[in-house]
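Have a look at the structure below before the remarks.
The values are calculated or read from the model by the stated rules, or taken from the named source; none is laboratory data. These numbers come from a predicted model, not from an experiment. Every residue, glycine as well, gets a Cβ built from its backbone with ideal geometry; the counts of neighbours run over all protein chains shown. Just the protein is used for accessible areas: all its heavy atoms, side chains included, with ligands, DNA and RNA removed. Shrake-Rupley method; radii C 1.70, N 1.55, O 1.52, S 1.80 Å.
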Amino acid sequence: MEITFQINNQLTTFKTEPTTPLIQLLRSERQLTGAKLSCGIGRCGACSILMDGELVNACLIMAYQASGTSILTIEGLNEEGGHPIQKALLEEGGLQCGYCTPGMVMAITALFKRTPQPTDEEIMEGLSGNLCRCTGYTGIIRAIRRCMN
Ligand code: FES
Ligand code: FES
């Protein structure tokens, strides 16, 4: 089947199978490897992207379901010298292995879109779908607060 959607503001057409997950299409067909395939069952958030502005797990969405939507991946977020959230994570020690980081950045982006000045409770809720095994959340939360100042 043929599908067309926006990826990082570029209209793109793919041929795909009905059973191909969106994460596979992004990584294999477009080399957008920032979103990671980890649990594959919607538990870890490593594959987080924005679809029409909403945070979603690209491992749970079939590629054809993206038809007609606008997808934003971590690659579309980059600005020269790095996005402010990425810089804040670096400066506050919010990452170690970095495997979770692209998904975490997308979750934080979605959080700020919804709530520019989130409370502690809103921050925890915003990160609730994204697991980090090595850093813990203290540095990540400091980075979020740094972005709010
Ligand atoms: S890989 Fe998608 S939620 Fe874990
Ligand atoms: S920095 Fe390694 S899982 Fe988060």
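Data overview
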{"item": "Residues satisfying the stated conditions in region 1-19, i.e. among the polar types (S, T, N, Q) and either open to solvent by 20 Å² or more (accessible area, probe 1.4 Å) or within 16 Å of ligand 2 (Cβ to nearest atom) (or both)", "result": "T4, Q6, N8, N9, Q10, T13, T19"}
{"item": "Residue within region 101-115 that is away from ligand 2 (no atom under 16 Å from the Cβ) and part of a loop (DSSP other than H, G, I, E, B) present", "result": "yes"}
{"item": "Members of region 84-98 that are over 18 Å from S38 (Cβ atoms) and either within 16 Å of ligand 1 (Cβ to nearest atom) or under 13 Å from the mean Cα position of the chain (by Cα) (or both)", "result": "I85, Q86"}
{"item": "Leading residue by the ranking (farthest from ligand 1 (Cβ to nearest atom)) among those in region 18-47 that are modelled with pLDDT of 95 or more and charged (D, E, K, R)", "result": "R27"}
{"item": "Selection status of G126, more than 20 Å from L37 (Cβ to Cβ), buried (at least 18 other Cβ atoms within 10 Å of the Cβ) and either more than 9 Å from ligand 2 (Cβ to nearest atom) or of a type in the set (V, I, T) (or both)", "result": "yes"}
{"item": "Selection within region 129-149 - touching a residue at least 60 places away in the same chain (Cβ under 8 Å) and not in a helix (DSSP H, G or I)", "result": "G129, N130, L131"}
